[in-house]
Each structure stands twice: as structure tokens, then as C-alpha cells.
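Here's the structure we're looking at; comments come further down.
The values are calculated or read from the model by the stated rules, or taken from the named source; none is laboratory data. Just so it is clear, the structure is predicted and the values come from calculations on it, not from any experiment. No Cβ is skipped: glycine too gets one built from the backbone with ideal geometry, and neighbour counts run over all protein chains shown. Please note that ligands, DNA and RNA were not included when accessible areas were found on the heavy atoms of the full protein model with its side chains. Shrake-Rupley method; radii C 1.70, N 1.55, O 1.52, S 1.80 Å.
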Amino acid sequence: MNKTVICPGSFDPVTLGHLDVITRASKMFGKVYVAVLVNSSKQPCFSIEERMELLNDAVRGLPNVEIVSFDGLLAPYCKELGVDAIVKGLRAVSDFEYEFQMAIANKKLNPDLETIFLTADSDSMYLSSSMVKEIGSMGGDISNFVPECVHDRIVERLKSR
Ligand code: PNS
């Protein structure tokens, strides 16, 4: 489909769950922006440069995916990029209320902007960046949770936390 979509998030750091949603979106749409939020109420562990670098390496095999960063509101940024829809992964019922609220708010701010939810695959249902940070910083094995090509860098970085 020749549409442009955006996968926004904190990506602190990228997980296999994120990569699954990005990969599936890249097969369905012409262009996929992966937009990393610069500032959020959450204090990120990885800097914006680190998060973008890890993502760039993780999506290297996907030619229609571009990593960008944004600060402030997502809806006007989508207008600026000519984005047709936001694509988000939905892991569990617990994600739904927050995601639903954001989808409605974004639609109010930019009525042309749709939000599309992809259900997480069974391996990613439980997965989150917070879990990766907690397990990794305590020396646990995160190889089932993050893309192989960025695994060592994430491990090293979490050790120095
Ligand atoms: O990975 P996250 O932290 O769940 O991603 C949340 C994100 C970045 C998608 C969301 O916080 C966001 O869009 N922030 C930008 C601010 C904004 O547009 N807020 C209005 C929507 S309620």
C-alpha cells in the first residue's frame, strides 16, 4: 500500500517487539518513519543518539524505514512529514485504554490522522523496554528480548548504568 506511516515511541531501548511491529508495517506500507521521542516525562536511560543508532542498526535490512526524532506533539509532526497513519503495537488489554486515549487525542489534533494497531505476536506479548533495562542492568540474559545485532551494545550500556 502506497501510504506513509509512523511508528512513534521512546525506544529506550529498541526491543524485538518494536522490531516486529516495524517489520510488519514495512511490508504493508510504502514508507515507515520510526519516530523517537526526544523528551518525555520518563527519564530515558539511553540518549536520543544511542536510541537512534540502535534503531538504525536494527532496521538496516528494511529499505523503506527511516529513523527520525521528534520533540513535542506527535500530531503536528505527522502533518509535517505527510504521514497518513500512526502504527502502534498492542500487547495486552492493559495497553488498550492508554493507546485508545492517545489515538482519540491525535485524531482531534489532526483529523486526517488515523491510528492503526497491530497485535503483538505471542513472543512479544510480555516484552517491554523497562523489562529489558531491569533484567540487563542486573546481569540477566536479554538475548531473547533485543535484536541480535545490537544486543552487545545494550548489555554493555546497561552494565554501566
Ligand atoms: O514508547 P512509548 O513511551 O509508549 O511512546 C509514547 C509516545 C512517544 C508515542 C507518546 O508519548 C507520544 O506520542 N508523545 C508525544 C506527545 C503527544 O503527542 N501527546 C499527545 C497524545 S496524547
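Which members of segment 1-42 meet the condition of being out of contact with any Ser or Thr (no Cβ under 6 Å at 6 or more places or on another chain), open to solvent by less than 40 Å² (accessible area, probe 1.4 Å) and either more than 18 Å from Asp57 (Cβ to Cβ) or more than 13 Å from the ligand (Cβ to nearest atom) (or both)?
Thr4, Val5, Ile6, Pro8, Leu19, Thr23, Ala25, Ser26, Phe29, Gly30
Among the residues of segment 106-117, are any within 12 Å of the ligand (Cβ to nearest atom), among the charged types (D, E, K, R) and open to solvent by 50 Å² or more (accessible area, probe 1.4 Å)?
Within segment 106-117 (the criterion being within 12 Å of the ligand (Cβ to nearest atom), among the charged types (D, E, K, R) and open to solvent by 50 Å² or more (accessible area, probe 1.4 Å)), the answer is yes, since at least one residue qualifies.
Could you grab me the full set of residues in segment 96-124 that are farther than 29 Å from Tyr77 by Cβ and not acidic (Asp, Glu)?
Ser122
Conditions first: (1) open to solvent by 50 Å² or more (accessible area, probe 1.4 Å); (2) in contact with a strand residue (DSSP E or B) (Cβ under 8 Å, 6 or more places away or on another chain). Phe70 passes all but one, so which condition is the exception?
(1)
Output the residues belonging to segment 88-105 that are touching a residue at least 40 places away in the same chain (Cβ under 8 Å) and either more than 11 Å from the ligand (Cβ to nearest atom) or over 17 Å from Phe29 (Cα atoms) (or both).
Arg91
Going by the structure shown, is Leu73 out of contact with any Cys (no Cβ under 7 Å at 6 or more places or on another chain) and away from the ligand (no atom under 11 Å from the Cβ)?
Values: out of contact with any Cys (no Cβ under 7 Å at 6 or more places or on another chain): yes; away from the ligand (no atom under 11 Å from the Cβ): no.
Judged against the criteria, Leu73 is not a match.
Please go through segment 121-155 and give me each residue that is small (Gly, Ala, Ser) and at pLDDT 95 or above, ordered by number.
Scanning segment 121-155 gives Ser128, Ser129, Ser130, Gly136, Ser137, Gly139, Gly140, Ser143.
Just for strands (runs of 3 or more DSSP E) wholly inside segment 12-105: which have at least 1 residues that are within 12 Å of the chain's Cα centre (by Cα) and within 18 Å of Val150 (Cα to Cα)?
Those strands (runs of 3 or more DSSP E) span 31-37, 65-70.
Looking only at segment 118-148, which residues are among the β-branched types (Val, Ile, Thr), more than 22 Å from Val32 (Cα to Cα) and within 16 Å of the ligand (Cβ to nearest atom)?
Answer for segment 118-148, where residues must be among the β-branched types (Val, Ile, Thr), more than 22 Å from Val32 (Cα to Cα) and within 16 Å of the ligand (Cβ to nearest atom): just Val132.
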